[in-house]
Every structure is written in structure tokens, then in C-alpha cells.
1. Out of the stretch 50-75, which residues are acidic (Asp, Glu) and crowded, with 16+ Cβ neighbours inside 10 Å?
2. Do we find a residue being modelled with pLDDT under 95, open to solvent by less than 70 Å² (accessible area, probe 1.4 Å) and of a type in the set (S, T, N, Q) anywhere in the stretch 115-126?
3. What is the residue count in the stretch 139-161 for residues that are in a loop (DSSP other than H, G, I, E, B) and within 28 Å of the chain's Cα centre (by Cα)?
4. Might you check whether a residue that is in contact with a Phe, Trp or Tyr (Cβ under 7 Å, 6 or more places away or on another chain), of a type in the set (Asp, Glu), closer than 23 Å to Ser83 by Cβ and open to solvent by 20 Å² or more (accessible area, probe 1.4 Å) occurs anywhere in the stretch 5-16?
5. Can you tell me which residue among Leu47, Leu95, Leu78, Leu36 is touching a helix residue (DSSP H, G or I) at 6+ places or on another chain (Cβ under 7 Å) and either of a type in the set (Phe, Trp, Tyr) or open to solvent by 20 Å² or more (accessible area, probe 1.4 Å) (or both)?
6. Of the numbered conditions (1) assigned to a loop (DSSP other than H, G, I, E, B); (2) within 30 Å of Pro216 (Cα to Cα); (3) open to solvent by 30 Å² or more (accessible area, probe 1.4 Å); (4) not hydrophobic (A, V, I, L, M, F, W, C), Gly100 satisfies every one except a single condition; which is it?
7. Tally time: how many residues in the stretch 167-189 are part of a helix (DSSP H, G or I) and out of contact with any helix residue (DSSP H, G or I) (no Cβ under 6 Å at 6 or more places or on another chain)?
8. Which of (1) acidic (Asp, Glu); (2) outside any helix (DSSP H, G or I); (3) farther than 23 Å from Arg21 by Cα does Glu235 not meet, given it meets every other one?
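The values are calculated or read from the model by the stated rules, or taken from the named source; none is laboratory data. The shown structure was predicted, so the numbers you read here are calculated from the model rather than taken from an experiment. Cβ placement follows ideal geometry from the backbone for every residue including glycine, while neighbour counts extend to all protein chains displayed. Calculation scope for accessible area: heavy atoms of the full protein, side chains included, ligands and nucleic acids excluded. Shrake-Rupley method; radii C 1.70, N 1.55, O 1.52, S 1.80 Å.
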Amino acid sequence: WSALADHAAAPNPFYEEWNLRPALAELAGGKDLTILAYREAGTLAGLLPVARAGTYYDRPIPHLAGWLHDNAFCGTPLIRRGSEERYWRAVLAVLDQRAGMAFFLHLRHLPSDGPATLALRRVLDETDRAATVVGREERALLASDLGSQAYFEAAMSGKKRKELRRQAKRLGELGELQVERPIGTEGLERWIDDFLALEHAGWKGEEGSSLATHPPVAGYFRAALQGAARAGKLERLALTLDGAPIAMLATFLAPPGSFSFKTAFDE
């Protein structure tokens, strides 16, 4: 499973072993779930969790759907690079045989130009299968060949950068201001506790949508960060004032890029 993630045509940390296992344990209660695992010569070459659902956008239409929980933001299957079309042919063949009452397969949060999606389109065309896009949304993506400072200067006006420097100076007048980037698992439990408390103290806590409000979700968050740290795929950033965190960011590393996961700040 880990080797598949490291050699995937497109990364998806939400379907990696250290992330999907705690999600299934904490957040999949009562759902009819199956993991479609595809192998080539005994080697795992594809993986996608699928759920059976009786309604589709509030209509009584039974179907199959790629499974995502509310804190998973990418539905791309893990597919070994070079196996994309063979994977989709195998998946569709299995679902043809075991469709049951399901009318179709619904795949959410697939990047429209990703290698998995493009391979699926080719297989659909060659097998004369009907398909349609039922919704689109844009997600933020930072992609640049520039270094961080050069990108910052190109993306933001000099006036805005000056204002940020002024604000940072004012903030620093309140106490010792530091940016911390801890590595690995050192201090992780305290970091997670601080993050949950910081997020819960703001508007999400007031509206009942913070991670700490829902114990299973908080349990998933804690286990996913622990697993990511053990796998060397977690980046933690914290802005502290006199040692107390006032802004925090958890990011999943997924070469060649990363997925910004959760952020919290002292309002």
C-alpha cells in the first residue's frame, strides 16, 4: 500500500494507508463499504474505497460512489504509474459483475486533467460507456518554478508586502514572535492538542463545526497526523507568541507537491 502511494500516477494522501485506515475506523460507521484493490503480478497497483448508496442528491437512485468523508478533499484513486487504463478496465469489469441494484458509479473530487481521470475517459470512449460531469469547482493551487521569496514578490504588490511587515512588527511588540516547523513525531501530541484547542476557540467552535466538537472526527485527525508523521509525510507550522501558538497549519506531503489540510488561528 505504501509502495503504491509512492509510485502512484497522481498522489492522494487521503487514500494512503496511514490516512484511510483511521478514517474507516472512526468515520465509516454504518456505511456499506468495499475497497477495490487491483493487483498486477501480485503487486498492488490500484486502490479505491467504494460505498453503496440508496440516494443520489436526495433522489431515491441506488448507485456506487467513491467514498470520501467530510475532511477528505481528493477522490483520485491510487493507481500505479503506467497502469491507469488497465486499472479502470479491471474496476469496471468487476462492477459490471457485482452491480446489484446500482445504476452507475459516481466519482467525486477527481481533478479534471489528472492522469487517472484522463485514463478513465479513454477507457470509457473505447468501451462506449456513457459518462457526464455533474459538477465542477475550482480549488486553490500554488504551482511555480520560482523560489519562495521570488514567488512572494511576484504574487503580491510592494505596498501589500510593506503592510504585512508593519503588521508583523506590531505583533512582535506584544511578545516574542517565532515561526516553528517541528520535524517528525517530536512533540506531536502536544501540537495536536494545541491545534484542536485553537480551532475550537474560534468561530468553528461557536458553530459546532470544529474538529474537537465531534470526538470521532478529532480521533481521525489525531491518528492521521500521527500516521503521516511516522511516514515522513507531515509538515507542521506554527506561529507562536511568547511560546503560545496563535496560528497553525498541518500539511500532508505528497511528492511532487503537498496538500494543505487544516489551519487554525487565534482570532
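1. Residues of the stretch 50-75 that are acidic (Asp, Glu), as a first pass: 58, 70.
Of everything in the stretch 50-75, nothing turns out to be acidic (Asp, Glu) and crowded, with 16+ Cβ neighbours inside 10 Å.
2. No.
3. So the first thing to find is which residues in the stretch 139-161 are in a loop (DSSP other than H, G, I, E, B), and the list is 139-147, 156-157.
Cutting the leftovers down to within 28 Å of the chain's Cα centre (by Cα) gives us 139-147, 156.
Result for the stretch 139-161: 10.
4. no
5. On the way: Leu47 fails: either of a type in the set (Phe, Trp, Tyr) or open to solvent by 20 Å² or more (accessible area, probe 1.4 Å) (or both); Leu95 fails: touching a helix residue (DSSP H, G or I) at 6+ places or on another chain (Cβ under 7 Å); Leu78 fails: either of a type in the set (Phe, Trp, Tyr) or open to solvent by 20 Å² or more (accessible area, probe 1.4 Å) (or both).
On inspection, the qualifying residue turns out to be Leu36.
6. Condition (2) is where Gly100 drops out.
7. First pass over the stretch 167-189, keeping only residues part of a helix (DSSP H, G or I): 167-172, 188-189.
From what's left, out of contact with any helix residue (DSSP H, G or I) (no Cβ under 6 Å at 6 or more places or on another chain): 167-172, 189.
Residues flagged as part of a helix (DSSP H, G or I) and out of contact with any helix residue (DSSP H, G or I) (no Cβ under 6 Å at 6 or more places or on another chain) within the stretch 167-189 amount to 7.
8. Failing condition for Glu235: (3).
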